[in-house]
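The values are calculated or read from the model by the stated rules, or taken from the named source; none is laboratory data. Just so we're clear, the structure is a prediction, and the values are computed from it rather than from any experiment. Every residue, glycine among them, receives a Cβ derived from its backbone with ideal geometry; neighbour counts consider all protein chains shown. Side chains are part of the model used for accessible areas, which takes the heavy atoms of the whole protein and leaves out ligands, DNA and RNA. Shrake-Rupley method; radii C 1.70, N 1.55, O 1.52, S 1.80 Å.
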Amino acid sequence: MYFKESTGFPKDFLWGSASAAYQVEGAWAEDGKKPSVWDKFVRIPGKTFKATTGDKAVDHYHMYKEDVRLMAEMGLKTYRFSIAWSRIYPDGNGQVNEKGLQFYDDLINECLKYNIVPMVTVYHWDLPQALEDQYHGWEDRRIVDDFVNYATTLFKRYGDRVKHWIILNEQNVFTGHGWMLAKHPPGKFKDMKTYYQVNHHAFMAHAKSVLALKELYPDALVGSSFAYGPAYAVSDKPEDQMACVDYEDLKSYYWMDVYAYGRYPRSAMKYLESLGVAPHFEEGDAEILKEAASKVDFMGVNYYKTCSIEYNPLDGVDSLGGENNTGKKGTAEMEGVPGMYKVPANKNLPTTDWDWTIDPMGLRFACRKITSRYDLPIVISENGLGAFDKLEDGKIHDSYRIEYLRNHIEELKKACDDGCRILAYCTWSYTDLLSWLNGYQKRYGFVYVDRDEDENSGTLKRIPKDSYYWYKKVIETNGEEL
Ligand code: BG6
């Protein structure tokens, strides 16, 4: 749409920034916490960049007061962070750990002291290892009850102060990397049948948690965050357009339809049935998914990139694709499913050093697609640029990050003008943090943290980057001064 005048961002817009427990906290074995699957996975040789771990991460567990103070000085309206399940239930279920609960009480209260709205992610991938050992975690239906028990503990403890809840972070990524690409725990390769069953368990955990929360706090706002990479067909050839429809059903709507409508896309399900990999439903599942969908308040969107889709003949590319986890441009490999689609690089768009397309308009495109299909409000729960940052005279001049964020916010503003109901925009990330597979060299933060891959390196000193001061202005002017 074209509007002569912009209506701009809503008055109560939540300008935010985000993190995840494993990526920032450190203190991996303190105050009663037991290992998560990530604590174990990072110790398997070859799994992470230069064998980096989150043992210490950026020590947010001990330095959260300084981090929140910096947020307050910046004027941040919301801080999105996740809770480490294995701090709350070190064994995944059973005995609750009061010291773990206390830490998040303190963090939430610290945010509230400065009028920063805490936005809590219940699960950002760090499953207690004990549940993996007990019954293979997400692969077993028992995970659903344990998850809901854990989530309900959080709702009861923090629900008086936390209104915004994100149940799952990027279900599509942790399941895809865990059971198809072997890049995340439990490191399984192309185990399609389990992958779809795991997803069904995750959907049930999400749905039952939504219902549990609404039972306790009907006014809470809840959703899950989907890693949405909108797809463009490479041409106007009908076969490319059809390939794009296939891709979207299998790679996007497969998740978003369940969150928003409480059902799987019909053709995707038919396809999975034909392969014998469709998930098993227990009695009542379909009704629970539907009921939860009717209570979801927003679609959480983690937006980083778009992709291009081209028809892939039966003798074409057969690959799950290969990520670039080194920062050496041009090393990512193409994904393709013979007879359906392939995902070539988009020649119209620049990329980051990790081969992610940079596509600000894709953010508006994503919001429009979601608004048209689901008519739900949207929380942009992540968006940001991973880059190599260099300290110069004790400062970080990250003009490239400012440009990236400015261009995305401009497009988001247009999405607001278009009538999309955007509630919040959280950049990824607040401080620099551990990138799961890319170590500490791929930096996203407004605040530089002095450390690198070596666990004993750096002072962990916080240094606000140029982008920190720029975002402060953006918040002050509610997105008018970019
Ligand atoms: C999202 C995750 O996938 O993207 C974050 O929710 C992650 O946890 C972020 O860090 C950026 O990905 P990466 O691989 O660049 O760290």
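Checking the conditions here, which among LYS40, LYS50 is open to solvent by 10 Å² or more (accessible area, probe 1.4 Å) and within 16 Å of the ligand (Cβ to nearest atom)?
Result: LYS50 is the single residue among LYS40, LYS50 that is open to solvent by 10 Å² or more (accessible area, probe 1.4 Å) and within 16 Å of the ligand (Cβ to nearest atom).
Among the residues of region 368-390, which ones are within 15 Å of THR306 (Cβ to Cβ), more than 16 Å from the ligand (Cβ to nearest atom) and not charged (D, E, K, R)?
The one that is within 15 Å of THR306 (Cβ to Cβ), more than 16 Å from the ligand (Cβ to nearest atom) and not charged (D, E, K, R): ILE370.
If the Cβ limit is 7 Å and pairs must be 6+ apart or interchain, which residue in region 154-173 that is under 14 Å from HIS124 (Cβ atoms) pairs with which residue that is within 14 Å of the ligand (Cβ to nearest atom) and in a helix (DSSP H, G or I)?
Qualifying pairs under 7 Å: GLN171/TRP255; ASN172/TRP255.
List the number of the failed condition for LEU482; all other conditions in (1) in a loop (DSSP other than H, G, I, E, B); (2) in contact with a His (Cβ under 8 Å, 6 or more places away or on another chain) hold.
Exception for LEU482: condition (2).
Look through THR357, THR352 and report the one residue that is within 15 Å of the ligand (Cβ to nearest atom), touching a Lys or Arg at 6+ places or on another chain (Cβ under 6 Å), at pLDDT 95 or above and closer than 29 Å to VAL317 by Cβ.
Result: THR357 is the single residue among THR357, THR352 that is within 15 Å of the ligand (Cβ to nearest atom), touching a Lys or Arg at 6+ places or on another chain (Cβ under 6 Å), at pLDDT 95 or above and closer than 29 Å to VAL317 by Cβ.
Take the residues in region 391-400 that are out of contact with any Phe, Trp or Tyr (no Cβ under 8 Å at 6 or more places or on another chain) and in contact (Cβ under 8 Å) with a residue 60 or more places away in the chain, then tell me which one is farthest from the ligand (Cβ to nearest atom).
So the residue we want is GLY394.
Going by the conditions given, is PHE13 at pLDDT 95 or above and within 25 Å of TYR135 (Cα to Cα)?
On the way: at pLDDT 95 or above: yes; within 25 Å of TYR135 (Cα to Cα): no.
Criteria not met by PHE13.
Within region 61-78, take every residue that is open to solvent by 10 Å² or more (accessible area, probe 1.4 Å) and of a type outside the set (D, E, K, R) and give me the one that is nearest to ASN478 (Cα to Cα). Before you say what the answer is, go through the steps one by one.
Step one: filter region 61-78 for residues open to solvent by 10 Å² or more (accessible area, probe 1.4 Å), giving 61-66, 69-70, 72-73, 75, 77.
Keeping just the survivors that are of a type outside the set (D, E, K, R) gives 61-64, 70, 72, 75.
Numbers: TYR61: 31, HIS62: 32, MET63: 29, TYR64: 26, LEU70: 19, ALA72: 16, GLY75: 11 Å.
Looking at residues that are open to solvent by 10 Å² or more (accessible area, probe 1.4 Å) and of a type outside the set (D, E, K, R), I get GLY75.
Could you go through region 45-55 and let me know if any residue there is within 29 Å of ASN456 (Cα to Cα), assigned to a helix (DSSP H, G or I) and not charged (D, E, K, R).
yes
Among the numbered criteria (1) of a type outside the set (D, E, K, R); (2) open to solvent by 10 Å² or more (accessible area, probe 1.4 Å); (3) in contact (Cβ under 8 Å) with a residue 24 or more places away in the chain, which one does ILE409 miss?
Of everything listed in (1) of a type outside the set (D, E, K, R); (2) open to solvent by 10 Å² or more (accessible area, probe 1.4 Å); (3) in contact (Cβ under 8 Å) with a residue 24 or more places away in the chain, ILE409 misses just condition (2).
Can you pull out every residue in region 444-456 that is open to solvent by less than 20 Å² (accessible area, probe 1.4 Å) and either within 11 Å of the ligand (Cβ to nearest atom) or without any contact (Cβ under 8 Å) to a residue 40 or more places away in the chain (or both)?
So in region 444-456, the residues open to solvent by less than 20 Å² (accessible area, probe 1.4 Å) come out as 444-447, 449, 451.
Scanning region 444-456 gives TYR444, GLY445.
Name the pairs: first residue in region 251-280 and of a type in the set (Phe, Trp, Tyr), second residue in a loop (DSSP other than H, G, I, E, B) and open to solvent by less than 70 Å² (accessible area, probe 1.4 Å), Cβ to Cβ under 8 Å, at least 6 apart or on different chains?
Short answer, once both residue conditions are applied: TYR253/PRO265; TYR254/TYR264; TYR254/PRO265; TYR259/VAL296.
Listed here are the residues, each with its yes/no results for (1) more than 14 Å from ALA18 (Cβ to Cβ); (2) polar (S, T, N, Q); (3) in a loop (DSSP other than H, G, I, E, B).
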site	(1), (2), (3)
HIS397	yes, no, yes
LEU405	no, no, no
LYS414	yes, no, no
THR427	no, yes, no
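Among the residues of region 300-332, how many are away from the ligand (no atom under 16 Å from the Cβ) and closer than 22 Å to GLY362 by Cα?
5
Is it true that some residue in region 234-246 is touching an Asp or Glu at 6+ places or on another chain (Cβ under 9 Å) and within 19 Å of ALA278 (Cβ to Cβ)?
Among the residues of region 234-246, not one is touching an Asp or Glu at 6+ places or on another chain (Cβ under 9 Å) and within 19 Å of ALA278 (Cβ to Cβ), which makes the answer no.
Quickly run through region 401-430 and pick out the residues that are among the charged types (D, E, K, R) and within 15 Å of the ligand (Cβ to nearest atom). Step through it out loud before you land on a result.
Start the filter on region 401-430 by keeping residues that are among the charged types (D, E, K, R), which leaves 401, 403, 406, 410-411, 413-414, 417-418, 421.
Listed by number, the list holds a single entry, ARG401.
What do you reckon, is PHE9 touching a Gly at 6+ places or on another chain (Cβ under 9 Å) and part of a loop (DSSP other than H, G, I, E, B)?
In short, yes.
Consider only pairs whose beta carbons are under 7 Å apart and that are at least six residues apart or on different chains; among these, list those whose first residue lies in region 21-33 and is of a type in the set (A, V, I, L, M) and whose second residue is crowded, with 24+ Cβ neighbours inside 10 Å and in a helix (DSSP H, G or I).
Within 7 Å, the pairs are VAL24/HIS60.
Let me spell it out: the conditions are (1) more than 30 Å from LYS113 (Cα to Cα); (2) open to solvent by less than 10 Å² (accessible area, probe 1.4 Å), and ILE166 meets all of them except one. Which number is the exception?
With (1) more than 30 Å from LYS113 (Cα to Cα); (2) open to solvent by less than 10 Å² (accessible area, probe 1.4 Å) applied to ILE166, the lone miss is (1).
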